[in-house]
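The values are calculated or read from the model by the stated rules, or taken from the named source; none is laboratory data. Please read these numbers as outputs of a predicted model, since none were measured by experiment. Neighbour counts are summed over all protein chains in view; Cβ atoms, including those assigned to glycine, are modelled from backbone coordinates with ideal geometry.
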There are 2 protein chains.
Amino acid sequence: MGKIKLGSNVFIPMPVTLLGIKIDGKANFMALGWVSRLNASPPLIGAAINKYHYSSEGIRENETFSINIPSENLIKETDYCGLVSGRETDKSTLFNVFYGETGSAPLIEECPLSLECKLVDIYEMPSNELIIGEIVETYLDKDYIKDDAPDVKKMNPLFLTMPDNNYWNLGENVGKAWDVGKELKLGEDESEYV
Amino acid sequence: MGKIKLGSNVFIPMPVTLLGIKIDGKANFMALGWVSRLNASPPLIGAAINKYHYSSEGIRENETFSINIPSENLIKETDYCGLVSGRETDKSTLFNVFYGETGSAPLIEECPLSLECKLVDIYEMPSNELIIGEIVETYLDKDYIKDDAPDVKKMNPLFLTMPDNNYWNLGENVGKAWDVGKELKLGEDESEYV
């Protein structure tokens, strides 16, 4: 077996999102890759951010946030949001911002998909905190709709890998989930008859 | 502004991984998309799984688990792990399994990258629980190494989108993180001199 040990500080491929929080009365956005759905019902999502980020202060102000999915054409703006802190740089005019149900979670008009969330808990860890929110509404740009759902290929989301620090776009559709594996399952069922 | 409301149970693009846990003395694997790094130092990772999954019982047995990144060529086996429960089906022989530091977290030889984790906490939610582990070691197949790190293009990880339930492979490298946005930053710095 040819395995090499890489140590412990290793990463998995990440979706690229923009975390939006209103701080000191202004919209602020940070690039966020440490993000995942957490609970099915109610629909919870979590964002793991450094405790010293400006967004960490801000989340306590309105207790609302947004998770926005940028398309590849927003790669520079997205990366910029990860390069500069809202503490020194006003990022409120980088995108056209709109507000939804909560009235305080800044949503990005240019992003095909935006999730609006209400903070439900903060899970503390040594260097980061997990901001846990309930998704209260989601906004899909009408140019990206297909069968009443997001047209993922058209959305063309970005992914990030580390430590190579590369952004990737979406590849090809290579199969259906909860489906392509049935072939192996059928094999089993059939074996009962052999 | 042309935005359509999609409701609250909406998903973001997910990395496709396999969660490995030894249960009742046997390796078991489930397909996992709700996964993210959580803390920088120490390196923590979280997996949000349904409380009624067999893996949820199993994690309490040895308090270790693995996160494995399958390549596109393992799409059927990966999907199969999401189709059948270890409660009814023995998935221990689906892959060649090896063990590392912990001696109990089953690692998949066929996956280019495997993270071995020790459970540090379980965060309870209404329908799911977040299994939080510290990464203790990572194993990279030597055929996928480039500059002492994973060769991501060669690894060719999968992504899952819902509700369309499609698997996608990795697209093209479209830019460097913490770099492509500098152009916008430079613009600002320059503006000081205008």
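So if I check each of B:L19, B:L74, which one is farther than 22 Å from A:R37 by Cα and either among the hydrophobic types (A, V, I, L, M, F, W, C) or in a strand (DSSP E or B) (or both)? Let's see the steps before the verdict.
Values: B:L19 fails: farther than 22 Å from A:R37 by Cα.
Only one candidate passes the filter, namely B:L74.
Could we say that B:K91 is part of a strand (DSSP E or B), surrounded by fewer than 24 Cβ atoms within 10 Å (Cβ to Cβ), more than 8 Å from chain A (Cβ to nearest Cβ) and not small (G, A, S) here? Talk me through it step by step, then tell me what you get.
Values: part of a strand (DSSP E or B): no; surrounded by fewer than 24 Cβ atoms within 10 Å (Cβ to Cβ): yes; more than 8 Å from chain A (Cβ to nearest Cβ): yes; not small (G, A, S): yes.
Against the criterion (part of a strand (DSSP E or B), surrounded by fewer than 24 Cβ atoms within 10 Å (Cβ to Cβ), more than 8 Å from chain A (Cβ to nearest Cβ) and not small (G, A, S)), B:K91 does not qualify.
Hey, does the stretch A:135-147 have a residue that's surrounded by fewer than 14 Cβ atoms within 10 Å (Cβ to Cβ) and at pLDDT 95 or above?
Taking the stretch A:135-147 and keeping what is surrounded by fewer than 14 Cβ atoms within 10 Å (Cβ to Cβ), we get A:142-143, A:146-147.
Add one more test, that the residue is at pLDDT 95 or above, and what stays is A:142-143.
Checked the stretch A:135-147: at least one residue is surrounded by fewer than 14 Cβ atoms within 10 Å (Cβ to Cβ) and at pLDDT 95 or above.
Taking the condition of being more than 21 Å from A:G100 (Cα to Cα), surrounded by fewer than 22 Cβ atoms within 10 Å (Cβ to Cβ) and at the interface with chain B (Cβ under 8 Å from one of its Cβ atoms), how many residues in the stretch A:32-57 meet it?
Summing the residues that are more than 21 Å from A:G100 (Cα to Cα), surrounded by fewer than 22 Cβ atoms within 10 Å (Cβ to Cβ) and at the interface with chain B (Cβ under 8 Å from one of its Cβ atoms) in the stretch A:32-57 gives 3.
Quick one: would you say A:W178 is at the interface with chain B (Cβ under 9 Å from one of its Cβ atoms) and over 26 Å from B:A177 (Cβ atoms)? Explain how you work it out, then say what you get.
Numbers: at the interface with chain B (Cβ under 9 Å from one of its Cβ atoms): yes; over 26 Å from B:A177 (Cβ atoms): yes.
It is true that A:W178 is at the interface with chain B (Cβ under 9 Å from one of its Cβ atoms) and over 26 Å from B:A177 (Cβ atoms).
I need the full set of residues from the stretch B:148-168 which are assigned to a strand (DSSP E or B) and either surrounded by fewer than 21 Cβ atoms within 10 Å (Cβ to Cβ) or of a type outside the set (F, W, Y) (or both), in order please. Outline the logic, then answer.
Narrowing the stretch B:148-168 to residues assigned to a strand (DSSP E or B): B:149-150, B:157, B:159-161, B:166-168.
The answer is B:A149, B:P150, B:P157, B:L160, B:T161, B:N166.
What residue, among those in the stretch B:59-87 that are modelled with pLDDT under 95 and surrounded by 21 or more Cβ atoms within 10 Å (Cβ to Cβ), is nearest to B:P43 (Cα to Cα)?
Of everything passing the filter in the stretch B:59-87, B:I59 is nearest to B:P43 (Cα to Cα).
What tally of residues in the stretch B:102-119 results from selecting those that are at the interface with chain A (Cβ under 9 Å from one of its Cβ atoms) and surrounded by fewer than 21 Cβ atoms within 10 Å (Cβ to Cβ)?
1
Are there any pairs with C-beta distances below 7 angstrom linking a residue in the stretch A:171-194 that is farther than 16 Å from B:N73 by Cα to a residue that is at pLDDT below 95 and of a type in the set (V, I, T), with the two at least 6 apart or on different chains, and if so which?
Between residues of the stretch A:171-194 that are farther than 16 Å from B:N73 by Cα and residues that are at pLDDT below 95 and of a type in the set (V, I, T), the close pairs are A:K185/B:V84.
From the list A:T64, A:T89, which residue is hydroxyl-bearing (S, T, Y), free of Cβ contacts under 8 Å to residues at least 12 places away in the same chain and farther than 28 Å from B:E72 by Cβ?
On the way: A:T64 fails: free of Cβ contacts under 8 Å to residues at least 12 places away in the same chain.
One residue alone meets the criteria, A:T89.
Just to be sure, is B:G82 outside any loop (DSSP other than H, G, I, E, B) and in contact with a Phe, Trp or Tyr (Cβ under 6 Å, 6 or more places away or on another chain)?
Numbers: outside any loop (DSSP other than H, G, I, E, B): yes; in contact with a Phe, Trp or Tyr (Cβ under 6 Å, 6 or more places away or on another chain): no.
Spelling it out, it is not the case that B:G82 is outside any loop (DSSP other than H, G, I, E, B) and in contact with a Phe, Trp or Tyr (Cβ under 6 Å, 6 or more places away or on another chain).
Find the residue count for the stretch B:94-125, including only residues that are part of a loop (DSSP other than H, G, I, E, B) and in contact with a helix residue (DSSP H, G or I) (Cβ under 9 Å, 6 or more places away or on another chain).
Of all residues in the stretch B:94-125, those part of a loop (DSSP other than H, G, I, E, B) come to B:94-96, B:99-106, B:109-112, B:125.
Filter again for in contact with a helix residue (DSSP H, G or I) (Cβ under 9 Å, 6 or more places away or on another chain), leaving B:94-95, B:102-105, B:110-112.
Residues flagged as part of a loop (DSSP other than H, G, I, E, B) and in contact with a helix residue (DSSP H, G or I) (Cβ under 9 Å, 6 or more places away or on another chain) within the stretch B:94-125 amount to 9.
Any residue in the stretch B:36-45 that is in a strand (DSSP E or B), free of Cβ contacts under 8 Å to residues at least 12 places away in the same chain and within 14 Å of the chain's Cα centre (by Cα)?
Keep residues of the stretch B:36-45 that are in a strand (DSSP E or B), which gives B:36-39, B:44-45.
Restricting the remaining residues to those that are free of Cβ contacts under 8 Å to residues at least 12 places away in the same chain gives B:36-37, B:39.
Applying the additional criterion that residues be within 14 Å of the chain's Cα centre (by Cα) yields B:36-37.
Yes - at least one qualifying residue is present in the stretch B:36-45.
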